[in-house]
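Structure first, then comments.
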Amino acid sequence: MTAGSLIAAVFAYKSNFLTGWHGVLQKTMSENIWVILVCLLFGGLISLLTASKGSFGFAKYLSRLCTNQRRTLLMTYLMGILIFVDDYLNVLSIGACMKKISDEKKIPRETLAYMLDSTGAPVCVLLPISTWAVFYANLFYGQDSIRALNCASPIGAYIKAIPFCFYPIITLIVVFLFAMGWMPRLGAMKKAYQRVEKTGQVFSEYSAKYNHNTVMSEDESGNIWNFMLPMGILIFLAVATGDILMAVIVALLVCFVLYVPTKTMTMDEYMNNMLLGFSDMLPTLTMLVVAFVLKEVSSDMGMAVYIVERAKPFLLPAAFPAMVFLLGALLAFTTGSDWGMSSIITPIVFPLGATIGASPILIMAAIISGGAFGSHACFYADATLLAAQSSGIDSMEHALTQLPYVIIACILSIAAFLAAGYFM
């Protein structure tokens, strides 16, 4: 994206392209300081929740209800929905807590990885209090067709798209049916269950190299209130006031009161963990800032107008959201960059959609769904790699075992976007 924005600056600003690019960068940083602060503080909160083991304590409390395979899978599914603030927090904390329980119930590790991956990004995009929501809301709000909806805030516009985010919704339905035993085991997943029945091994020989040592965090307990209080206050304040920045600042203060006086962590550890969370968000922030720069420079060079003029004769308003979903899904799957893909196509598809009369709400939902698909389905996406790592299996084994269910959700999503496009 950086290279693309520099090349665009050459076309837009000619010989003064470096000065023009630098000016747009400064303008973007100053206009989006709220987004930068929210992302940094969210990263600090996620790091503190993980370091306090509060999310582990919360998960272990619920795991007492896991008495058989179905209840274990349903509990994993439920925790995936409840620990929604970030897909990394979701995957890493639930995987560490549920791996041992799943092994005891003879559930293949491939199934655990599928459950973790399928309740990561798909859940985060459906709830407006997450890092994904903040990213997409502010990415979309700069588009004229979204501002024309007259929403009071970027999150307000984002919420309008949530009911039409068909891929994450259908994915969660498929996962629920799988957990209940109503969705058949298909392809490589069926072979994983057959392996467990024949050998009792919950992971393959190829994945044995990931399971030599016991992960210490599996046996460590945490205080459930170290998770429940900060998250409860964050959600309440964000919903009541609509101010996510204020809500996350208060949640950080609650973490300080809970952790430091009780010696859950020292003052030094508290600050170090929060700074570690800041650093974890720097790649995301860099991508976000460069995305805004690319948008501004592309606008200055007239790229959207050019593409609109060339593509308009071939586009159908009703089918446009489905086409956007397919384009986003394909780009995210091949590049492994869900947010990067969204940043690139957003300044192009919204002007196109506005020109032909397509619903901007459905376009938002299609981009979000395409990003969620990429995070979920791409073999080398960060969420896929983390889910496999957290479950103790090879990443390709995880990707291939979940592939049939990804394809089912994708096909149904295309049909849903086509239907919605004709009726909206």
The stretch 342-353 residues that are over 17 Å from Val134 (Cα atoms), paired with ones that are of a type in the set (Lys, Arg) and assigned to a helix (DSSP H, G or I) (beta carbon under 7 Å, 6 or more apart): Pro347/Lys295
Criterion (out of contact with any Cys (no Cβ under 8 Å at 6 or more places or on another chain) and outside any helix (DSSP H, G or I)) met by exactly one of Met265, Met271, Met246: Met265
Exclusive hit being part of a helix (DSSP H, G or I), touching a Lys or Arg at 6+ places or on another chain (Cβ under 9 Å) and of a type in the set (A, V, I, L, M, F, W, C), set Met364, Met341, Met396: Met364
Residue ID - farthest from the chain's Cα centre (by Cα), chosen from residues in the stretch 367-389 that are surrounded by fewer than 24 Cβ atoms within 10 Å (Cβ to Cβ) and part of a helix (DSSP H, G or I): Gln389
Residue ID - modelled with the highest pLDDT, chosen from residues in the stretch 21-53 that are part of a helix (DSSP H, G or I) and among the charged types (D, E, K, R): Lys27
Inter-residue pairs, beta-carbon under 8 Å, first within 19 Å of Glu269 (Cα to Cα) and in the stretch 52-69, second among the charged types (D, E, K, R) and modelled with pLDDT under 75, 6+ apart: Lys53/Glu220; Phe56/Glu220
Qualifying residue in the stretch 345-360 (condition: touching an Asp or Glu at 6+ places or on another chain (Cβ under 9 Å) and closer than 30 Å to Arg109 by Cβ): no
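Rundown of residues vs (1) more than 22 Å from Pro283 (Cβ to Cβ); (2) buried (at least 20 other Cβ atoms within 10 Å of the Cβ), yes/no style:
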position	(1), (2)
Gly120	no, yes
Gln143	yes, yes
Asn150	yes, no
Pro154	no, yes
Given (1) out of contact with any Gly (no Cβ under 7 Å at 6 or more places or on another chain); (2) open to solvent by less than 50 Å² (accessible area, probe 1.4 Å), number of the condition Lys27 does not satisfy: (2)
Matching residues, the stretch 343-366, being open to solvent by less than 10 Å² (accessible area, probe 1.4 Å) and more than 20 Å from Pro317 (Cα to Cα): Ser343
Number of the condition not met by Thr76 [criteria: (1) open to solvent by 40 Å² or more (accessible area, probe 1.4 Å); (2) modelled with pLDDT of 85 or more; (3) within 20 Å of Met231 (Cα to Cα)]: (1)
Residue, surrounded by the fewest Cβ atoms within 10 Å (Cβ to Cβ), within the stretch 156-179, restricted to residues that are β-branched (Val, Ile, Thr) and farther than 22 Å from Arg71 by Cα: Ile159
Sole exception among (1) outside any helix (DSSP H, G or I); (2) open to solvent by 10 Å² or more (accessible area, probe 1.4 Å) for Ile107, by number: (2)
So Val134, is it modelled with pLDDT of 90 or more and surrounded by 18 or more Cβ atoms within 10 Å (Cβ to Cβ): no
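The values are calculated or read from the model by the stated rules, or taken from the named source; none is laboratory data. Keep in mind that what you see is a predicted model, and the values were worked out from it rather than measured. Cβ atoms come from the backbone with ideal geometry, glycine included; neighbour counts cover every protein chain shown. Just the protein is used for accessible areas: all its heavy atoms, side chains included, with ligands, DNA and RNA removed. Shrake-Rupley method; radii C 1.70, N 1.55, O 1.52, S 1.80 Å.
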